[in-house]
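What follows is a set of notes on a single structure, which appears directly below.
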Amino acid sequence: MEISNKNIIITGGANGIGLETAKALRLQQANVIILDIDEQSLEKLKNENSEFSCYKCDITDPEDISKTLKKIIQAHNQIDVLINNAGAVKDSPLIKIFGQIEKHDIDLFERIIKINLFSVFLMTREIAAHMFEKRIKGVIVNVSSVASHGNPGQSAYSAAKAGINALTYTWANELNYLGIRVAAIAPGFTETNIVKSNMNEKLQADIKKKTPLKRMAEPSEIADGILFIIKNDFFHGKILPLDGGLVI
Ligand SMILES: NC(=O)c1ccc[n+]([C@@H]2O[C@H](COP(=O)([O-])OP(=O)(O)OC[C@H]3O[C@@H](n4cnc5c(N)ncnc54)[C@H](O)[C@@H]3O)[C@@H](O)[C@H]2O)c1
């Protein structure tokens, strides 16, 4: 798909990989619509006259999504691309075995699944319906992770990302009949808040050592992969790994 003049929604676009992707898309003349829950970062983008359309939206809340998308479609008429990028991590082992045994918190598991997986289902069902109604041959890009292979300490996050892979294959085979392309990207460790707020320095150094390229990705390198998926009309039903050669 040619990117210029397309209306592109990116969830979690106020920071990290999402923000770098938004910038790269804007450079190619896309109309970028950011949905994020982080009011402070959205406000900052507005004050910087960033040329993005910014909407505060909690993408785990069906009502908030429906209200926000109504406003967006009124303002922009049609959506050509959805990038399901928003996500969050909170590490926890299944059981803590030092001292008193502590089991993985149930609410935490549910919260991480909701943010990383349920939100993708909620957003995509709305946008797929919109694309069908308007006969738009659009593109859906899901942001998965190398953690979908199973990452110790990340039960919920790994399960959510494996779920995203399954949804990508499923929707690629459901929506192709409507001319909608669906694919995903699976980044390895990338220099963003998710990593900085969840991993101490030692863990970050260990990851770099384990990665054949001996470093983490820059958010712009992942953005590059997302733009490739949007542009390449033969990329469908596949997950693009972008992980510096890391296998976990
Ligand atoms: N950084 C990494 O190492 C890495 C690796 C693999 C995959 N990923 C994936 O990349 C994506 C982007 O992550 P990032 O690294 O840029 O992290 P980030 O924390 O910089 O950005 C995540 C964004 O999602 C937003 N968000 C969180 N919950 C939300 C909600 N309920 N509603 C709306 N917005 C919400 C946050 O406000 C934030 O702006 C995520 O899906 C993440 O799982 C990241």
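At what distance in angstrom do the alpha carbon centres of segment 54-78 and segment 83-116 lie from each other? The two parts, judged by their Cα centres, are 28 Å apart. Taking Cβ atoms as reference points and 15 Å as the exclusive limit, the residues near N173 contribute a net charge of +1, counting Lys and Arg as +1 and Asp and Glu as -1. With the simple spin-label model, which puts each label point 7 Å out from Cα in the Cβ direction, the D206 to E133 separation comes to 4.9 nm.
Rounded, prolate or oblate: which one fits segment 36-187, using the alpha carbon gyration tensor with axes a ≥ b ≥ c (rounded when a/c is under 1.5, else prolate when a/b beats b/c, else oblate)?
oblate
Charge tally for I59 (other residues, Cβ to Cβ under 10 Å; Lys, Arg +1; Asp, Glu -1): -3. Residues within the reach of a label modelled at K56 (point 7 angstrom out along Cα to beta-carbon, backbone nitrogen below 12 Å), restricted to segment 1-42, are 36-42.
Got a sec? Which residues in segment 1-19 would a label at Q28 touch, if it sits 7 Å along Cα→Cβ and we count backbone N under 17 Å? Under cut-off, by backbone N: 1-11, 17-19. Checking the cross-link pairs K67/K208; K103/K214; K23/K134; K46/K210; K114/K238; K44/K161 against a 31 Å limit on the alpha carbon distance flags K67/K208; K103/K214; K46/K210 as lying beyond it.
Any read-out appearing in this document is the output of simple, stated calculations on the displayed coordinates, not a laboratory observation. All values reported here derive from a predicted model rather than from experimental measurement. No Cβ is skipped: glycine too gets one built from the backbone with ideal geometry, and neighbour counts run over all protein chains shown.
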